[in-house]
Amino acid sequence: MKNNNYKPQIPDVMEAIFDAAYLIFDLIAAILFFLFSKGNVLFILYGILTLALCGGDAFHLVPRIKRAVWGSNERIKKQLGIGLQVSSITMTAFYIILMYIWKFTFPEYKVPVIIEAIIWISAIVRMVICLFPQNNWCTEEGNRTLSVIRNAVFAVTGIGVILLYLISGNAYGYHMTRMVAAILISFGCYIPVTLFSKTKPRVGLLMIPKTCAYMWIIAMGLQLLF
């Protein structure tokens with residue numbers, strides 16, 4: 001329900017526009033991947049990756065857009081908490097899919113068993129942790145301890161995927177070392193937000209470059225497609 005005393009400020013409007021543009025970009029990119037994949041498993045995977053990104057983030061960003069436009073209330077706060085939980089799980093799945101994208105992008109390379117095990121185990125552990133009710137997703141306080149644990153485990157997943165793209169380097173002239181840069185940017189911006197945004201709200205601005213990093217990852221796939 002709209003808060004009659006609430007008037008969105010320019011930063012609120014800009015946030016809503018940015019979040020909406022990001023979701024629309026992801027949705028259009030996913031459609032393009034599926035339309036032009038021509039049965040190529042690599043681009044079907046890119047489509048699934050993009051849908052996972054768009055669908056998961058929508059659970060969190062749509063309530064943020066509503067809050068920016070109409071103000072906050074208890075219902076929106078609950079939606080934000082649930083959305084954060086859902087997006088945390090889908091973002092973990094994002095990196096598992098990204099590992100398989102690496103496999104199909106560089107079929108002549110083999111994933112070292114230890115790296116694949118690290119990615120899978122850390123991803124599963126993080127998803128399980130995200131399901132714990134003790135995370136207190138729908139409260140202002142959250143759970144600092146579990147936040148540190150689940151994001152430390154998430155960082156291990158990211159490092160595993162980074163190692164894969166370092167192994168392949170610029171093979172085939174694809175310049176996929178850019179994927180390493182994008183992942184590093186996303187984690188470098190995401191982790192401070194999850195740890196400090198509740199006490200220092202301005203840290204939340206780091207979500208902008210983090211979001212742009214994920215759009216860059218999708219753009220790399222579109223570049224390969226076309």
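Throughout, read-outs are computed from the coordinates displayed, never taken from laboratory work. These numbers were taken from a predicted model, which means no experiment stands behind them. Here the Cβ positions follow ideal geometry from the backbone for every residue, glycine too, while neighbour counts run over all protein chains shown.
Before moving on, here are some points about what is shown:
- Residue satisfying all of: in region 82-125; in contact with a Ser or Thr (Cβ under 7 Å, 6 or more places away or on another chain) and over 16 Å from Ile48 (Cβ atoms); surrounded by the most Cβ atoms within 10 Å (Cβ to Cβ) among these: Ile119
- Residue in region 109-132 that is touching a residue at least 60 places away in the same chain (Cβ under 8 Å) and of a type outside the set (Val, Ile, Thr) present: yes
- Of all the numbered requirements in (1) assigned to a helix (DSSP H, G or I); (2) of a type outside the set (Ser, Thr, Tyr); (3) more than 16 Å from the chain's Cα centre (by Cα); (4) within 22 Å of Ile96 (Cα to Cα), His175 misses one, and that requirement is (1).
- Looking across Lys103, Lys78, one residue alone is assigned to a helix (DSSP H, G or I), of a type in the set (Lys, Arg) and either more than 20 Å from Tyr214 (Cα to Cα) or over 21 Å from the mean Cα position of the chain (by Cα) (or both). It is Lys78.
- Of note, Lys66 satisfies the criterion of being under 30 Å from Ile10 (Cα atoms), surrounded by fewer than 19 Cβ atoms within 10 Å (Cβ to Cβ) and charged (D, E, K, R).
- Against the conditions (1) under 11 Å from the mean Cα position of the chain (by Cα); (2) surrounded by fewer than 18 Cβ atoms within 10 Å (Cβ to Cβ), Ala52 satisfies every one except (2).
Residue-wise test of (1) touching a Cys at 6+ places or on another chain (Cβ under 6 Å); (2) surrounded by 14 or more Cβ atoms within 10 Å (Cβ to Cβ); (3) not in a helix (DSSP H, G or I).
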{"site": "Asn5", "(1), (2), (3)": "no, no, yes"}
{"site": "Asp12", "(1), (2), (3)": "no, yes, no"}
{"site": "Tyr22", "(1), (2), (3)": "no, yes, no"}
{"site": "Ile31", "(1), (2), (3)": "no, no, no"}
{"site": "Phe34", "(1), (2), (3)": "no, yes, no"}
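- Test: residue in region 139-149 that is of a type in the set (Ser, Thr, Tyr), in contact (Cβ under 8 Å) with a residue 24 or more places away in the chain, closer than 23 Å to Lys77 by Cα and not in a helix (DSSP H, G or I): yes
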